[in-house]
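Student: There's a structure below that I have some questions on.
The values are calculated or read from the model by the stated rules, or taken from the named source; none is laboratory data. Nothing here was measured: the structure is a model prediction, and the numbers come from that model. Here the Cβ positions follow ideal geometry from the backbone for every residue, glycine too, while neighbour counts run over all protein chains shown.
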Number of protein chains: 2
Amino acid sequence: MYELLYNNIIKKVDLTREEFEEVKPFYTPKKLKRKQFLLQEGDVCKYTAFVCDGCLRSYTVDADGNEHILQFAIANWFISDMNSFLTGEPATQFIDAIADSTLLLCNRIDSDIMMKKVPKMETYFRILGQHHIVAAQKRLSSTIMHTAEQKYLDFIKRYADISQHVPQHMIASYLGISPETLSRVRKQFSEKQ
Amino acid sequence: MYELLYNNIIKKVDLTREEFEEVKPFYTPKKLKRKQFLLQEGDVCKYTAFVCDGCLRSYTVDADGNEHILQFAIANWFISDMNSFLTGEPATQFIDAIADSTLLLCNRIDSDIMMKKVPKMETYFRILGQHHIVAAQKRLSSTIMHTAEQKYLDFIKRYADISQHVPQHMIASYLGISPETLSRVRKQFSEKQ
DNA sequence: CGCGGGTTTGATGATGCTCAAGCCCGGTGG
DNA sequence: CCACCGGGCTTGAGCATCATCAAACCCGCG
């Protein structure tokens, strides 16, 4: 499972095996069963999780009890409540497993120590952050300027892999539309083709 | 004007004066008059701009010719089409000045060299990226789960400083609502209080 | 004084939400 | 092996929000 993380890192920076051996100890494995929580609103988000297998989601719950999914994470993705992780404030998000999952966890302090010890990891996270921003911007554009149908088509195109693992009503939540609307959108689209 | 950048950096990392002297040469000043472009769709985004004074915006234009504002940048903010800047692909965004502005520009190559030379700058940009992600997530939440009124109130609360500098129809565009709706929202709200 | 960009106001219509009911299918227990 | 249950998806009807189109208004500026 560490192998997956290593392969991910060397796509962005040329980390040697020896350097990676220094990184490893900072990541502790963890298994999560479907529906188990990694983080609940109000708790402090102590860890950033790298997903080796399975699928997680982060979401908020509004005053009316509706869930709003912020992120899905399948293999090779990181997930956390970044604000809580960085500041130590209580989390505003929930994170739970949609399917049985295996993770690698790293806490805030270790993360800083690790980057000091292996500067290439800081480069890695800097690049990762930049890519994250690009993705966030694309999602925002799509959310602001598209109709329900376009948003859905955008999603399954951009995240074909994720749309397999995730029930439909969660995709609706991610897109900010109601499950009924998504159902209708899918029907209309299939009738067109 | 470099002073402003320095003050910004030392809020995140403890960069010495000497180190900052090494950073300076990588940033070239530039002035932009109101309505001038820093970047047009289709061009490659060569620079990341740090805003010393004034106000810029980045936006996309959809098939119907409607503008969708992605970001405002006032003093102390960075702005660029991150995707184009990183990949060298043609930009999908426009960036122009809402008011006369002064900027500090740094291109991609120099940016990499600078971080090599002064590793603390890499830390700085890593931290900056993380904060950017937090902000993007908050905006996304707000966009997905709130009504037009709540989104507007969110905006003027979070970005009181920006809402001063920017005409109302641009705020509407940023929020993904029509200028007419924003006008009505404001009216209703002022009648309530 | 008149022009023009930006904002406001009104009328109308579309998109998508809510509520409610029915359906499909896989899992469980008799 | 079959009946039953329940979660998720679908379908329908009515409704709220917000977009669009159009006109009027306001105000700074040439």
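Student: Checking the condition under 16 Å from residue B:165 (Cβ atoms), among the polar types (S, T, N, Q), in contact with a strand residue (DSSP E or B) (Cβ under 8 Å, 6 or more places away or on another chain) and outside the structural domain of residue B:161 (by TED's automatic domain parsing), which residue from B:84, B:101 passes? Before you say what the answer is, go through the steps one by one.
Tutor: Working: B:84 fails: under 16 Å from residue B:165 (Cβ atoms).
From the options B:84, B:101, the qualifying one is B:101.
Student: For residue B:180, state whether it is more than 22 Å from residue B:47 (Cβ to Cβ), out of contact with any Pro (no Cβ under 8 Å at 6 or more places or on another chain) and surrounded by 15 or more Cβ atoms within 10 Å (Cβ to Cβ). Let's see the steps before the verdict.
Tutor: Values: more than 22 Å from residue B:47 (Cβ to Cβ): yes; out of contact with any Pro (no Cβ under 8 Å at 6 or more places or on another chain): yes; surrounded by 15 or more Cβ atoms within 10 Å (Cβ to Cβ): no.
It is false that residue B:180 is more than 22 Å from residue B:47 (Cβ to Cβ), out of contact with any Pro (no Cβ under 8 Å at 6 or more places or on another chain) and surrounded by 15 or more Cβ atoms within 10 Å (Cβ to Cβ).
Student: Further, regarding this structure: I'd like to know if region B:175-190 contains one or more residues that are within 14 Å of chain A (Cβ to nearest Cβ), more than 18 Å from residue B:75 (Cα to Cα), of a type outside the set (Val, Ile, Thr) and not in a helix (DSSP H, G or I).
Tutor: yes
Student: Among A:83, A:107, A:76, which is crowded, with 18+ Cβ neighbours inside 10 Å, of a type in the set (S, T, N, Q) and more than 16 Å from DNA strand C (Cβ to nearest atom)? So that I can check it myself, show each step before the final result.
Tutor: Numbers: A:107 fails: crowded, with 18+ Cβ neighbours inside 10 Å; A:76 fails: crowded, with 18+ Cβ neighbours inside 10 Å.
Sole residue among the options that is crowded, with 18+ Cβ neighbours inside 10 Å, of a type in the set (S, T, N, Q) and more than 16 Å from DNA strand C (Cβ to nearest atom): A:83.
Student: Could you list all residues from region A:152-173 that are assigned to a helix (DSSP H, G or I), among the hydroxyl-bearing types (Ser, Thr, Tyr) and away from DNA strand C (no atom under 12 Å from the Cβ)? Full working, then the answer.
Tutor: In the first step, residues of region A:152-173 are kept if they are assigned to a helix (DSSP H, G or I); the result is A:152-158, A:160-165, A:168-173.
Subset that is among the hydroxyl-bearing types (Ser, Thr, Tyr): A:152, A:163, A:173.
Result: A:163, single match.
Student: Within region A:139-175, which residues are within 13 Å of DNA strand D (Cβ to nearest atom), touching a strand residue (DSSP E or B) at 6+ places or on another chain (Cβ under 9 Å) and farther than 28 Å from residue A:100 by Cβ?
Tutor: The answer is A:144, A:145.
Student: Give the number of residues within region B:147-162 that are buried (at least 17 other Cβ atoms within 10 Å of the Cβ) and either within 10 Å of another protein chain (Cβ to nearest Cβ) or free of Cβ contacts under 8 Å to residues at least 24 places away in the same chain (or both).
Tutor: Selection size over region B:147-162: 2.
Student: Would you mind finding the one in B:35, B:31 that is within 16 Å of DNA strand C (Cβ to nearest atom), in contact (Cβ under 8 Å) with a residue 40 or more places away in the chain and exposed (fewer than 14 other Cβ atoms within 10 Å of the Cβ)?
Tutor: Working: B:31 fails: within 16 Å of DNA strand C (Cβ to nearest atom).
None of the other options fit; the residue is B:35.
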